[in-house]
Number of protein chains: 2
Amino acid sequence: MVELPDKRAKFIDWYLEVVDRADLSDKRYGVKGMNVWTTYGMRARRNLDAVMVRAIEATGSEAVEFPALIPETDFAKEKEHIKGFDAQVYWVTKGGLSDLDVRLVLRPTSETAMYPTFALWVRSHKDLPLNVYQIVNTFRYETKTTRPFVRVREIHFFEEHTCQVDEAAATARVRSNLAAFRAMAEAFALPYVPIRRPEWDKFAGAHYSVAFDIPVGGARTLQIGSVHHYRQNFSVPYAIRYEAADGSQEYVHQTTFGLSERLLGAIVAVHGDAKGAVFPSAIAPFEVVIVPIPSADAPGAAERTASELADRLRAGGRRVHVDLSEDRPGAKYYRWELKGVPLRLELGKREAEARSASAVDRLGRRTRVSFDRLEAEVAERLVEFDRALTEKATAEFRASFSVARTLEELAGSERVRVVAWCGQEACGHRIETAIDGALLGTPEEELPLELPTIGACVGCGTSEGARWALAAQPL
Amino acid sequence: MVELPDKRAKFIDWYLEVVDRADLSDKRYGVKGMNVWTTYGMRARRNLDAVMVRAIEATGSEAVEFPALIPETDFAKEKEHIKGFDAQVYWVTKGGLSDLDVRLVLRPTSETAMYPTFALWVRSHKDLPLNVYQIVNTFRYETKTTRPFVRVREIHFFEEHTCQVDEAAATARVRSNLAAFRAMAEAFALPYVPIRRPEWDKFAGAHYSVAFDIPVGGARTLQIGSVHHYRQNFSVPYAIRYEAADGSQEYVHQTTFGLSERLLGAIVAVHGDAKGAVFPSAIAPFEVVIVPIPSADAPGAAERTASELADRLRAGGRRVHVDLSEDRPGAKYYRWELKGVPLRLELGKREAEARSASAVDRLGRRTRVSFDRLEAEVAERLVEFDRALTEKATAEFRASFSVARTLEELAGSERVRVVAWCGQEACGHRIETAIDGALLGTPEEELPLELPTIGACVGCGTSEGARWALAAQPL
């Protein structure tokens, strides 16, 4: 069994190997960047989707689904948006044996699919707010190097689209989305920073964008989601209007909230270690793996006990796998560590006699779990595992940032840089040149870091209005 | 409130109106035949998917997901298959601003997407059986008139694909799929006939096809699913081979099992009535609607009680809606009958005092449900409703067939025809000409009908080898 590449020194190699060896995704499909969801990857994705659905439906959002193909005529209505996506969409030009009269875009995102219908659904202020979401695949003709989950050409995508009565209500929806993501991220055990993107890096067509960034692999960052305030930028060209209580006709204000399979990539990237993937229990394809240790004295006994314990745990809704393969126990331990299962129960003759299994969590901590209190003790171990995983990730997160006082200090850093920025675009570009990366923007919430008193903008030296901003090389 | 068209006299008009007025699908999207899944339709679809997932996973099948785009080179490998689909696929020919080197097909079904990867996954007899399924959307450039759920261009689709060790194992998988569908159909309350399609009407590339047909709107039938035995028709061109226990290399035998959103259309078509849709409880977007009846004496009391009862039912996993809109109670009853909710609880001052709600099921039967035994009594009412719905559908199903003894008797029938057929293609075509429709094939299970002794083939008059077959005009 060949060791994984070193996570710190060769982050990308390590990441690709973990995804591959843990059998989370198969990238040998005939179109580069369009990968196959394996049975194991699908289990994780199903859990990821369940977390997103639970959190968004708690805010009153309801599921819909719009078609994957968008007529070119609808796609082209909002000028900034089309400019942003034109170079990276797939075009359907033929149906059967003939050319289509109107070419169709395979959705890269669904604004232009949804909004002509929103104009039919929204008539009166009583129809507002309209809060709907869909989980669908989107398509981008990606020209950069693709990576499983992180940058792919067919993307498993969550998108909420809302219509609000006015700008303030839309701002409130942005806040509600930020809170919903906070709740989701707890299940992912992922610390992150919500950052307001600079003007030149906002979503195509947005009034402003808040993105969620995490540090990965040293000085790199990964955007794992975003929330956008559109004001009336789309509602005017798409004519999404309502009759207000006073009888006047008003255009709605809109917001969107986007997440994707990239979250799975982030979970692998942040929690994984030298042994492979590590899943928080809410996302783990299996929360528990039971490994029976065969004994010559009592053939089949360990396997039977393992199956009984698994059935009890499954009856309580746990996702459990019993490894009945012919491999040695050591090979099984290795495999399920690689695949990131939070808790392993080992079950041999001794354990059966003592009526308690040996339990090892994916952070390597060994305890025992009694058969009599199985369900409760497994629940305790998983809660404790998630707690420790979050604590570890949070400590690493905090250690991933460092303050840069000058443009010179920005170059060649191994951390994500925190810099004072006056907010002007020219200074922003100076920062980007210095770090050879991106100015991510200004945090929407206080950074969970010990920061010195803020000084002058690193770009122009002006102290007035300088705020902390983050700069990094996005993955 | 304009009455619905008569279901018997104007079946298609009735169907389209019910789908529309019950707000199950919005067909005003910019591409004809690609419809929007509304929030209400999505709730039904989610329940439909859950029934399919539960039944198929009980047989050991696991979820996967393959890309939506298939390279032309992979698509063209099995000659019969490509002939069957060539005229009805969408082609992606451009990515961004340039033409693609290899054109991509938007999957019409996923044999050609999956099988190159199956060839990588299957190596040894230990890898078999491979039983995987996916729930994805498929695309067909439909040239006939489209109808919501029943014939659309983007189709919500369930497809299981399996690889088996030999022909007998594949035949056993077909049997297992037939049994799995029997279990699903119970939740749909849909009586159907599994029919082996004649040679000239089997799936493109199949060894044989078994389809599930139901009678709808008189002499018409609707195919609501199918199971196919492929033998080695795909495994040879796609090189899906394994090393047998004796060291020899063998090609796998394959099967598939396909279902779609058409099942929702079938549920509407079969159970619906003059008042609108009728959903069996497993599929119903809401199983229970509670209508509070306001009282001037105690403003808000009925609404509060309604919400309390709803919370209790939801805690037990029930899907419940409380109609707090400003409409009159009568308008609410009308709406939720139209939308097909199985059970309505009416809740006024009198009911609150008596601590029991008035309960009306969608078949119009009125009972009472006590607050104290709410959960149990609602469960009983729903079980009884499903039982009665199945009984009604079964009686109508049985009355939908009639025997035709001659070709002349086939013409102009208002029922699905049962005919004696010798199995020869020439006679099959004579039957199809006579009925101006299709010979559906021979039932795989005994028809649940009282049939006379079988006579001579209606096509050629030969008695030898004649079997009952069904003929109809497919919708």
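Each reported figure results from applying straightforward, stated rules to the coordinates on display, with no laboratory input. For clarity, every value in this text was computed on a predicted model and none was experimentally measured. All Cβ positions, glycine included, derive from the backbone under ideal geometry; neighbour counts span all protein chains shown.
In a DSSP loop and with at most 10 other Cβ atoms within 10 Å, the trypsin sites (Lys or Arg not before Pro) in the stretch B:125-200 are B:Lys144. Computed from phi, the 3J(HN,Hα) profile of the stretch A:465-475 under the Karplus parametrisation 6.51, -1.76, 1.60 (θ = phi - 60°) reads x, 5, 10, 5, 9, 10, 9, 6, 9, x, 5 Hz, with x in place of Gly and Pro. Sorting B:Val19, A:Val64, A:Val36, A:Val252 by the number of Cβ atoms found within 10 Å of their own Cβ, with the fewest placed first, yields A:Val36, A:Val64, B:Val19, A:Val252. The HN-Hα couplings worked out from phi for the stretch A:334-347 by the Karplus form 6.51 cos²θ - 1.76 cosθ + 1.60 (θ = phi - 60°) are 4, 4, 7, 5, 4, 7, x, 5, x, 9, 10, 9, 9, 9 Hz, whole numbers, x standing for Gly and Pro. Annotation: amide H-H contacts under 5 Å for A:Tyr208 (H modelled 1.01 Å from N, sequence separation of 5 or more, or interchain): A:His229. Rounded to 0.05, the FRET efficiency of the B:Glu186 and B:Leu324 pair, given R0 = 45 Å and the Cβ-Cβ distance, is 0.85.
Placing pseudo-labels 7 Å out from each Cα toward the beta carbon at B:Ser248 and A:Ala87 gives an inter-label distance of 5.8 nm.
In plain terms, the bigger the Kirkwood radius, the slower the diffusion; for the stretch B:251-408, with that radius from Cα pairs, at 25 °C and 0.890 mPa s, Stokes-Einstein puts D at 140 µm²/s. Remark on B:Arg103: its backbone amide H falls under 5 Å from those of B:Glu72, a criterion applied only to residues 5 or more positions apart or on other chains, H modelled at 1.01 Å from N. Quick one: work out the % antiparallel among DSSP beta bridges in the stretch B:288-384, nearest 5. So the antiparallel bridges in the stretch B:288-384 amount to around 55 percent.
Inter-copy label distances at A:Arg328, shortest first and taken from points set 7 Å along Cα to Cβ: 8.2 nm.
Given the pairs A:Lys144/B:Lys79; A:Lys27/B:Lys144; A:Lys10/A:Lys332; A:Lys126/B:Lys349, which span a C-alpha to C-alpha distance of over 30 angstrom in this model?
A:Lys144/B:Lys79; A:Lys27/B:Lys144
Let me confirm one metric for peptide B:37-48, namely the mean number of other chain beta-carbon atoms within 10 Å of its residues' beta-carbons. Can you show the working numbers first?
Details: counts 6, 7, 8, 2, 3, 6, 2, 0, 2, 2, 0, 0.
Mean shielding count: 3.
Converting phi to 3J(HN,Hα) with the Karplus coefficients 6.51, -1.76 and 1.60 and the offset θ = phi - 60°, the stretch B:101-115 yields 5, 10, 5, 10, 9, 7, 3, x, 4, 10, 3, 6, 7, 7, 5 Hz in sequence order, with x at every glycine or proline.
Considering every alpha-carbon pair of the protein assembly as shown, the percent of pairs per 10 Å bin, from zero through the bin containing the longest distance, is 2, 10, 18, 23, 22, 15, 8, 2, 1, 0, 0. For chain A, the Cys residues with no second cysteine's beta carbon closer than 4.7 Å are A:Cys163, A:Cys427, A:Cys460. In chain B, which longest range has no GluC sites (Glu not before Pro) that are both DSSP loop (not H, G, I, E or B) and surrounded by at most 14 other Cβ atoms within 10 Å? Longest site-free region, per DSSP loop and neighbour criteria: B:4-325. When the P(r) of chain A is calculated, the portion above 40 Å amounts to 29% of the C-alpha pairs.
Once C-alpha pairs closer than 8 Å and six or more residues apart are averaged by separation and normalised to the residue number of chain B, the relative contact order reads 14 percent. Sorted shortest first, the distances from the A:Ala411 label point to those of the same residue in the other copies are 9.3 nm; each point sits 7 Å from Cα along Cα-to-Cβ.
Quick one: pull the percentage of alpha-carbon pairs in the stretch A:11-271 with a separation above 33 Å. The partial results should precede the final answer.
Numbers: 7134 of 33930 pairs.
Percent of Cα pairs beyond 33 Å in the stretch A:11-271: 21.
Under 14 Å of direct C-alpha separation, and excluding same-chain neighbours fewer than eight residues apart, B:Lys339 reaches these aspartates and glutamates: B:Glu17, B:Asp20, B:Asp23, B:Asp273, B:Glu287, B:Asp323, B:Asp361. Helical content of the protein assembly as shown, expressed as a calculated mean residue ellipticity at 222 nm, amounts to -10000 deg cm²/dmol (DSSP H runs of 4 or more residues, -39,500 (n - 2.57) each, divided by residue number, nearest 500). Note on B:Arg415 and A:Glu408: their simple-model spin labels are 9.7 nm apart, each label 7 Å out from Cα toward Cβ. Each copy carries a label point for B:Lys27 at 7 Å from Cα toward Cβ; from one copy, the others' points are 4.4 nm away, ordered from shortest. Across peptide A:24-31, the mean count of Cβ atoms from other chains lying within 10 Å of each residue's own Cβ comes to 6.
Take each residue of peptide A:282-295, count the partner chain Cβ atoms within 10 Å of its Cβ, and average: the result is 0. When each of the peptides A:24-30, B:213-219 is scored by the mean number of other C-beta atoms lying within 10 Å of its residues, the order from highest to lowest reads B:213-219, A:24-30.
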